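Step one of this worksheet: look at the structure below.
Bear in mind that the values in this text are calculations on the coordinates, not laboratory data. Everything numeric in this text was worked out from a predicted model, so none of it was measured. Cβ placement follows ideal geometry from the backbone for every residue including glycine, while neighbour counts extend to all protein chains displayed.
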Amino acid sequence: MDDRVVERRKLMSITSVSTILTSPGRNYLLVVVKTDDGLVGYGDATLNGRERAVATVVEDSIRQLLVDEDESRIEYLWRKIYLSAYWRGGPVLMTALAGIDMALWDIKGKRAGLPLYSLLGGKARDRARAYVHVHGQTTSQLVERSRAKVDAGFEALRFSFDSVDPRDPSVTYCQAHQDVAVGRIERTGGAARRDSWDSDTYLTDLPRTAATLRDTLGPNVALIHDVHSRLSPPRAVRAAKELESTGLFFLEDPAEHLDLSTLETIRAQTSVPIAVGELYFHGSDIAELVRRQLVDYVRVDISHFGGITPVVKLAHFAEALGIRTAFHGPSDISPPAHAALAHLAVHLGNFGIQEMVEDQSIWSEVFTTPIQLDRGFITVGNQPGLGVSVDEAAARRHEFVPASLPILHDRMGAIHPW
Ligand code: KDG
Ligand code: MG
């Protein structure tokens, strides 16, 4: 090798891998990768409620696999991390891997002076449709808030609602509404709140609420409902059938994500478009769901599925089967992940829709992002890499606060899946 090549290779090596646990309103875990010529890449590795476990894996096990390696070899490094341990995968490792993968793509873009969408092949569209969450403690509140969002320009809404127990009006059954109160988490200090759940009440309220929304908002609003895998197989099929007349944009997680036979029954008995994916961590696990075309939208979480590298592969596989993307974009993943999703949204040929955090105010003290959300559409700036800058001092000032999702109990006091 001639000297200049040796010199260049030296310049391109990773010198440090670290994490920042920050909480500017929600807990986020950032991965920071640095190179010996001073480039810094940021990735998101937030696993809601398990942030410290992921930080430990990055700091104790993954860092040593990366230091002194050539940062440009993302595919090689991804495989090194994934395959070097016999017990590969799982949510903690795949989230750690996602954080590293995003940081390496960020560095690749910064080195090339190109935004991620350009590295991947450029924009397939100028702007990408987004959907946001809407929630209400009564149907009229839900309708009123939905109306306000439509008036503000949103064309796609994901609704969830609370149901009051008809037998005991003091009990409210809570939907998955972690995004209420501008995405802030309840700072429980670790102790989870106890919430209630009753599938029968939910199943009675759901079609009624969906029909009211459709009647009020008219035919042009894309309505999405997230069942959150909370129903038994026969109830999941019933919910899908009863929602058919509402004309949903899609029904999300009507059944357990691994229960392909219930998804097959729903496909056979209804025409409701289906979206599934946020609980998958590996391409090999979701492959069958896609291959059998049991979904219309794949919605893996870029921060839990190993990052940009495997998500792009999945998107291409899905494209060949006529399936579009609707990737998970909740408030519990941080700006580098949302930025990566925004780049994919403008780039991917089979982009469908993107879930997006509407109120991004909790990001502003720590992050500057390239994402614009304008009247329900995402545009992304042309800053190199992911385009997210991080004020590390501000991030460190917002100290991590242990927090948990609520724990659902049914009417008999048994645990119900959240
Ligand atoms: O931490 C769990 C949330 O990410 C999840 O409940 C959000 O289902 C969700 C969605 O579709 O945004
Ligand atoms: Mg969901």
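List of remarks:
- Between D37 and E319, the distance separating the two model label sites (each 7 Å from Cα on the Cα→Cβ line) works out to 3.0 nm.
- What the phi angles of segment 65-70 give under the Karplus curve with 6.51, -1.76 and 1.60, with θ = phi - 60°, is a coupling list of 7, 10, 4, 6, 7, 6 Hz, glycine and proline written as x.
- Entries of K80/K110; K108/K313; K110/K313; K123/K241; K34/K123 with Cα pairs more than 26 Å apart: K123/K241; K34/K123
- Label-zone membership for segment 132-157, site T212, 7 angstrom Cα→C-beta point, backbone N under 13 Å: 135-147
- Prolate/oblate/rounded call for segment 184-269, Cα gyration tensor, a/c under 1.5 rounded: oblate
- Point-charge dipole on Cβ atoms (K/R +1, D/E -1) for the chain, about Cα centre, debye to 20: 440 debye
- For the chain, share of DSSP beta bridges that run antiparallel, in % to the nearest 5: 50 percent
- In this Cβ point-charge picture (+1 for Lys and Arg, -1 for Asp and Glu), segment 14-63 has a dipole of about 220 debye about its Cα centre.
- Gain in span if fully extended, Q269 to E244, counting 0.36 nm per residue against the direct Cα distance: 8.0 nm
- Restricting the calculation to Cα atoms, every distinct pair contributes to the Kirkwood radius of the chain, found to be 22.0 Å.
- Separation of the N220 and S84 label points, Cα + 7 Å toward Cβ, nm: 5.5 nm
- Toward the positive end of the charge dipole of segment 245-369, with +1 on the Cβ of Lys and Arg and -1 on the Cβ of Asp and Glu, the farthest Cα among G306, N350, A255 is that of N350.
- Here the calculated FRET efficiency for Q293 and N382, from their Cβ-Cβ distance with R0 = 25 Å, stands at 0.10, rounded to the nearest 0.05.
- Distance from the Cα centroid of segment 22-96 to that of segment 364-418 is 18 Å (rounded to whole angstrom).
- The Rg/Rh ratio of segment 20-64, with both radii computed over alpha carbons and Rh defined as the Kirkwood radius, is 1.01.
- For segment 293-341 versus segment 186-251, the inter-centroid distance based on Cα atoms is 22 Å.
- Across the chain, C-alpha contacts under 8 Å between residues 6 or more apart give a mean separation that, scaled by the residue count, equals a relative contact order of 23 percent.
- Ranked F351, F154, criterion: other C-beta atoms within 10 Å, fewest first: F351, F154
- Look at R167, R73 and count the other Cβ atoms within 10 Å of each Cβ; fewest to most, that gives R167, R73.
- Of all the options A236, A337, A98, the one that moves most in a Gaussian network model of the chain with Cα springs shorter than 10 angstrom is A236.
- Computed label-point distance, nm, for sites M412 and A394 using a 7 Å Cα→Cβ extension: 5.1 nm
- Label point 7 Å beyond Cα of S118 along Cβ direction - residues of segment 364-378 with amide nitrogen under 19 Å: 369-372
- Shape class for segment 294-418, computed from the alpha carbon gyration tensor (a ≥ b ≥ c): oblate, with a/c not under 1.5 and a/b at or below b/c.
- Given charges at Cβ of Lys, Arg, Asp, Glu: segment 1-146 dipole, positive-most of Q141, A85, S23: Q141
- Residue order, fewest to most beta carbons within 10 Å, for H409, H135, H316, H347: H316, H409, H135, H347
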